[in-house]
Amino acid sequence: MAKPDRCHRWPDCICKQQWDHAATAPDEWWQLAEPIIEATLACVIERCPDPRYREHAAVQLLKIQTSPNYRREFKHEGGLNS
């Protein structure tokens, strides 16, 4: 059973949909989506019931905050499913 502070809709929630889209999104999408990506990663870190996604999201959020090449790196990694 999921903890009460975890998302009960995962993987049918908007954060999971955004997560999947980010792995295959065209470059133009990245220019507009950085705030959405940060919010999605923060939500996954805080509320996702799957610890693998929480850990991966934390790493990705650190990358987005420290790397000017984050967009390219995440896209080539394919998110968690690579």
Item to check | For the range 1-43 versus the range 50-69, the gap between their alpha-carbon centres in whole angstrom | outcome: 12
Next on the checklist: Between Glu28 and Ile14, what is the label-point separation in nm under the 7 Å Cα-to-beta-carbon projection?
Outcome noted: 2.3
Checklist entry - If packing is taken as the mean number of other Cβ atoms within 10 Å per residue, what is the order of 25-32, 60-67, 5-12, highest first? => result 60-67, 5-12, 25-32
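Read the figures in this text as sums done on the coordinates, not as results from a lab. Predicted model, so just to flag it, every value in this text is computed and none were measured. Methodologically, a virtual Cβ is constructed for each residue, glycine included, from the backbone with ideal geometry; neighbour enumeration extends over all protein chains shown.
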